[in-house]
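As structure tokens, the structure follows; a few thoughts come after it.
Bear in mind these aren't lab numbers, they're just calculated from the coordinates by the rules spelled out. Keep in mind the model is a prediction, meaning the values are calculated, not measured. All Cβ positions, glycine included, derive from the backbone under ideal geometry; neighbour counts span all protein chains shown.
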Amino acid sequence: DAGVTQSPTHLIKTRGQHVTLRCSPISGHKSVSWYQQVLGQGPQFIFQYYEKEERGRGNFPDRFSARQFPNYSSELNVNALLLGDSALYLCASSLGGQETQYFGPGTRLLVL
Amino acid sequence: QKEVEQDPGPLSVPEGAIVSLNCTYSNSAFQYFMWYRQYSRKGPELLMYTYSSGNKEDGRFTAQVDKSSKYISLFIRDSQPSDSATYLCAMSDTGRRALTFGSGTRLQVQP
């Protein structure tokens, strides 16, 4: 079975631009969580979605938004990119949001 | 002060050594504890998942939780060069929605 998949793998943007990152959870998993991992740090929680509803939000500005689709895949959107948004963006899936989370390979975003 | 503190290392050991990785935490609401392994430029991979205080063993890995001291450990026996990676501790409260991670310990096992 395929694990969590994310696209694209790498992305380069300039300040002020907008970016959309995509995630497909493990088959049968209905919950997706997003994390930001800055170089040298552990991942930081951004959002969790379950059955298309937002179930949790971390301490991130409103420039960050997400949604989940009927097939349980998810998008993370970041507006008005800042240099500090450069990071590895990780998607994790779980059965129902309260179980073990399994991570994808991440999307590496570089903002110039 | 961070909710989860983890020694960043790097930790360098010879092949076959016993490795001890540790995290301390301040939030007594944390009830679920995990260890993830992350290879360079990859996503974290779940190694161990524990709930209660005490030890849990899986092959060469042993996770230890001491809730009274707010301290968790991961022991790796007979370490191998393939164990070279960053080890992240993670924990969550009873809602189990958001994971709070340590900053990771970089481990290098020398052949």
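General observations
- Alpha-carbon centroid distance for the pair the stretch B:6-33 / the stretch A:41-112, whole angstrom: 26
- Taking the Cα centre of the stretch B:1-91 as origin and assigning +1 to Lys and Arg Cβ atoms and -1 to Asp and Glu Cβ atoms, the resulting dipole is close to 180 debye.
- Modelled this way, with points 7 Å down the Cα-to-C-beta line, the labels at B:R41 and B:S73 are 3.5 nm from one another.
- Here the Karplus relation 6.51 cos²θ - 1.76 cosθ + 1.60, evaluated at θ = phi - 60°, turns the backbone of the stretch B:69-86 into coupling constants of 9, 6, 9, 10, 9, 10, 10, 10, 8, 6, 4, 10, x, 5, 7, 5, 5, 9 Hz, with x for every Gly and Pro.
- Shape of the protein assembly as shown, Cα gyration tensor, a/c cut at 1.5: prolate
- From the alpha carbon centroid of the stretch A:1-24 to that of the stretch B:41-56 is 26 Å.
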